Amino acid sequence: MALHQGPEKPDERPMSVNPFYGAADPVGGMTEAPPKHRLPTAPTPPMTAYQLVRDELMLDGNSRLNLATFVTTWMEPQAGILMAECRDKNMIDKDEYPRTAELERRCVAMLADLWHAPDPSSAVGCSTTGSSEACMLAGMALKRRWARRNADRYPGARPNLVMGVNVQVCWEKFCNFWEVEARLVPMEGERFHLDPQAAAELCDENTIGVVGILGSTFDGSYEPIAELCAALDALQERTGLDVPVHVDGASGAMVAPFLDEDLVWDFRLPRVASINTSGHKYGLVYPGVGWALWRDGEALPEELVFRVNYLGGDMPTFALNFSRPGAQVVAQYYTFLRLGREGYRAVQQSTRDVARRVADGVAALGDFRLLTRGDELPVFAFTTAPDVEAYDVFDVSRRLRERGWLVPAYTFPPKREDLSVLRVVCRNGFSADLADMFVDDLTQLLPELRRQPHPYTQDRGTATGFHH
């Protein structure tokens, strides 16, 4: 979560309250408006509190028009009802809520089968608050397995983790928090993700694992997991080093099984030790739920699993968080039950079709160059064409925001910092009609952008963020 500080200035004025928000007497309830940065002295009527919070939230962007986020922004009303009925259940209390725990177990079993675990009954997995926690857990397991194999050298030797420079920030956090050296494979030319051979060359006896991303957040492309495993197989033949792979499938692990069935990236590859995904991304559930799975008990060291006698029950857990609502896990099971394989295939195919439709529409404008076309993740990135000098991608992002569209513009990592792009994420609920409206709005903005004397962006770092 983001870190926040207290107010920089004194609490100079209270919140402004409309007299009509008073429950019975519009005037009598307004003698003391609540402050902003300290607890009110007295209670506030529920409808007044609701209206105050609701009014302030009106300034947020419309989540359905947010083409930056991968997170699900629409579910069926029935799913919302189920979540409301389960939000008071603490997911960690397995003994008190055994059926919720059973639904979690079923979801893990379904994912183990979907990802071709050699023996789904022996695969180990858990729900998390999202892929970030799932990645932390997977990284911890990799480090502990490495430490156990190198007990004669650790803690003297410093472990390292190999990954592409395009990894999501949670992996940088893992390396920082758990004191692991991050070895990053840079981007080169038109390759915007990890190169298998370059990754293998960065490995040594202190490498705890290599992270492969099934769906890069920078451009929506799949990293070549099978080729990565083959490069590490060759490394083991030459040197004896046995380096496991973790697949960060935050998005792609819920797309590829349905749309790219011939793509081998999962537990069919013996070197893949663990996989994570975000149920709240292309798993089609509201935030926040993620999943982490290990191919078998050997891949998850037993000493990391806590068996807690908690409120009357013996409970094995592996988590960074403890208390959290069961609503999202229940919603995940509902979605699995509701859609099945054919339903997921239909939803994800429709989303990919929309992504291709928008990408083709953007390319047809002539002002932009596509980096990807939405044919892997339903995501594509594009930049301005070489002959466009009047404006840049940050100008485009800013102008689209004026029409309600939230489209991130950002600069790529080292060795391709010269490249700034826009990225469009298509999700379930972003229909073909909305896609056409987006392309229409972009088309209408171009004449004015073309008339600019020069790009207006002065500080690219603050022009728009890249947080997903």
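The values are calculated or read from the model by the stated rules, or taken from the named source; none is laboratory data. Only a predicted model underlies this, so the values are computations on that prediction, with no experimental measurement involved. Here the Cβ is made from the backbone with ideal geometry for all residues, glycine too, and neighbour counts use every protein chain on show. The accessibility values were calculated without ligands, DNA or RNA, using every heavy atom of the protein model including side chains. Shrake-Rupley method; radii C 1.70, N 1.55, O 1.52, S 1.80 Å.
As for segment 447-454, it holds no residue that is under 25 Å from the mean Cα position of the chain (by Cα), over 30 Å from residue 345 (Cβ atoms), open to solvent by less than 60 Å² (accessible area, probe 1.4 Å) and in contact (Cβ under 8 Å) with a residue 12 or more places away in the chain.
Report whether or not residue 212 is more than 14 Å from the chain's Cα centre (by Cα) and closer than 21 Å to residue 165 by Cα. Can you show your working first?
On the way: more than 14 Å from the chain's Cα centre (by Cα): yes; closer than 21 Å to residue 165 by Cα: yes.
It is true that residue 212 is more than 14 Å from the chain's Cα centre (by Cα) and closer than 21 Å to residue 165 by Cα.
For segment 345-358, taking the residues that are touching a residue at least 40 places away in the same chain (Cβ under 8 Å) and not charged (D, E, K, R), the one that is surrounded by the fewest Cβ atoms within 10 Å (Cβ to Cβ) is identified as 349. Annotation note: of 99, 106, the sole residue that is over 22 Å from the mean Cα position of the chain (by Cα) and without any contact (Cβ under 8 Å) to a residue 60 or more places away in the chain is 99.
Out of everything in segment 35-76 that is among the polar types (S, T, N, Q) and under 25 Å from residue 129 (Cβ atoms), what residue ends up being nearest to the chain's Cα centre (by Cα)?
69
For segment 173-193, the candidate set comprises residues that are of a type in the set (A, V, I, L, M) and touching a helix residue (DSSP H, G or I) at 6+ places or on another chain (Cβ under 7 Å); within that set, the residue that is nearest to residue 143 (Cα to Cα) is 180. Please verify whether residue 31 is at pLDDT 70 or above and over 26 Å from residue 325 (Cα atoms), treating the condition exactly as stated. No: the conditions fail for residue 31.
Right, residue 240: open to solvent by less than 10 Å² (accessible area, probe 1.4 Å) and either within 26 Å of residue 91 (Cβ to Cβ) or modelled with pLDDT of 95 or more (or both) or not? Judged against the criteria, residue 240 is not a match. Taking the criterion of being in a loop (DSSP other than H, G, I, E, B) and farther than 18 Å from residue 139 by Cβ, the residues of segment 217-259 that qualify are 218, 219, 220, 221, 224, 240, 241, 251, 255.
Being open to solvent by 30 Å² or more (accessible area, probe 1.4 Å) and either assigned to a loop (DSSP other than H, G, I, E, B) or of a type outside the set (A, V, I, L, M, F, W, C) (or both): is that true of residue 264 here?
yes
For the subset of segment 202-212 comprising residues that are in contact with a strand residue (DSSP E or B) (Cβ under 9 Å, 6 or more places away or on another chain) and open to solvent by 10 Å² or more (accessible area, probe 1.4 Å), which member is farthest from residue 372 (Cα to Cα)? The extreme case among them is 206.
Out of 442, 365, one residue alone is farther than 28 Å from residue 186 by Cα, over 23 Å from the mean Cα position of the chain (by Cα), crowded, with 22+ Cβ neighbours inside 10 Å and at pLDDT 95 or above. It is 442.
Among the residues of segment 74-92, the ones that are open to solvent by less than 30 Å² (accessible area, probe 1.4 Å) and not in a helix (DSSP H, G or I) come to 3 in all. Among residues of segment 396-408 that are more than 14 Å from residue 384 (Cβ to Cβ), none has a beta-carbon under 7 Å from a residue that is charged (D, E, K, R) and part of a loop (DSSP other than H, G, I, E, B) at least six positions away or on a different chain.
Residues checked against (1) over 26 Å from residue 147 (Cα atoms); (2) open to solvent by less than 30 Å² (accessible area, probe 1.4 Å); (3) at pLDDT 95 or above:
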residue	(1), (2), (3)
295	no, no, yes
298	no, no, no
301	no, yes, no
310	yes, no, no
320	no, no, no
326	yes, yes, no
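Residue-wise test of (1) open to solvent by less than 30 Å² (accessible area, probe 1.4 Å); (2) farther than 24 Å from residue 254 by Cα.
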site	(1), (2)
375	no, no
386	no, yes
395	yes, yes
408	yes, no
418	no, yes
423	yes, no
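At pLDDT below 85, in a loop (DSSP other than H, G, I, E, B) and open to solvent by less than 50 Å² (accessible area, probe 1.4 Å): is that true of residue 10 in this structure? Judged against the criteria, residue 10 is not a match.
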